[in-house]
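Undergrad: Dropping the structure in here first, questions after.
Each value in this text was obtained by applying a stated rule to the coordinates, not by laboratory testing. Note that the structure is predicted; figures quoted are calculated from it, not measured. Here the Cβ positions follow ideal geometry from the backbone for every residue, glycine too, while neighbour counts run over all protein chains shown.
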Amino acid sequence: MECSRIVPVLRMFDLDKTREFYLDFLGGELLGEPPFEPSMPLYLFVSLGGCELHLSEHFGDGMPGANLRIETAGVQAFQQALLAKAYRHARPGLEKPPWGGLEMTVQDPAGNRLTFYER
């Protein structure tokens with residue numbers, strides 16, 4: 001068996017806040033938004049620096065409070081760029097865990113945690 005990639009599905013509850021967080025704050029790119037019926041839950045495909053995430057309002061898709069670890073080059077520069085945006089819901093700091101490397105964790109509007117790390 002050979003696996004090529006993982007695409008996590010994260011729960012979302014508020015489309016506007018989710019867009020603001022993933023697109024405006026984190027600088028992600030909207031890859032798609034399937035055209036479901038207007039009364040159906042929403043679903044987004046987002047790219048973050050080459051990493052694809054799916055965000056879903058569908059009941060049972062993802063569990064609020066998930067934790068993703070995303071290996072990232074240039075975590076400190078990314079953190080400084082995020083701080084410069086003065087996003088009122090997050091001021092991420094940097095941590096040096098005991099096992100080494102550098103980490104920055106941010107929480108999205110649904111309570112999902114994204115930890116960007118470099119070894």
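Undergrad: Of the trypsin sites (Lys or Arg not before Pro) in segment 4-94, which ones lie in a loop per DSSP and count no more than 16 other C-beta atoms within 10 Å?
TA: Listed in order of number, the matching sites are R5, K85, R88.
Undergrad: In addition: Using θ = phi - 60° and the Karplus relation 6.51 cos²θ - 1.76 cosθ + 1.60, list the HN-Hα couplings for segment 4-21 in order, rounded to whole Hz, with x at every Gly or Pro.
TA: For segment 4-21, the Karplus curve yields 10, 6, 10, 10, x, 10, 10, 6, 9, 10, 10, 4, 4, 5, 5, 4, 4, 5 Hz.
Undergrad: Moving on. If each residue's Cβ is checked for other Cβ atoms within 10 Å, how do M104, M63 rank with the fewest at the top?
TA: By the 10 Å Cβ count, ascending, the order reads M63, M104.
Undergrad: Running a GNM on the chain with Cα contacts under 10 Å, which residue among G101, G27, G62 ends up with the highest mean-square fluctuation?
TA: Most flexible of the set in this elastic network: G101.
Undergrad: Summing +1 for each Lys or Arg and -1 for each Asp or Glu, what net charge is found among the other residues whose Cβ lies under 15 Å from the Cβ of A84? If you can, show how the numbers build up before the last one.
TA: Details: positive: K85, R88, R91; negative: D24.
Here the count lands on +2.
Undergrad: Here's a follow-up. What is the distance in Å between the Cα centres of segment 47-80 and segment 84-105?
TA: 14
Undergrad: Now, a different point. As I understand it, the value is the acute angle between the Cα axis of helix 75-84 and the longest principal axis of the Cα atoms of the chain; what does it come to in degrees, rounded to 10?
TA: 70
Undergrad: Here is a further query. Applying the Karplus parametrisation 6.51 cos²θ - 1.76 cosθ + 1.60 with θ = phi - 60° to the phi angles of segment 62-68, what ³J(HN,Hα) value in whole Hz is obtained for each residue in order, glycine and proline being reported as x?
TA: The phi angles translate into x, 10, x, x, 4, 10, 10 Hz.
Undergrad: Just want to confirm a number: the relative contact order over the chain, from Cα pairs under 8 angstrom separated by 6+ residues, in percent. Walk me through the intermediate numbers first.
TA: Numbers: 205 pairs, mean separation 31.7, N = 119.
Answer for the chain is 27 percent.
Undergrad: DSSP loop (so not H, G, I, E, B), at most 15 other Cβ within 10 Å: list which chymotrypsin sites (Phe, Trp or Tyr not before Pro) in segment 36-73 pass both filters.
TA: F36, F59
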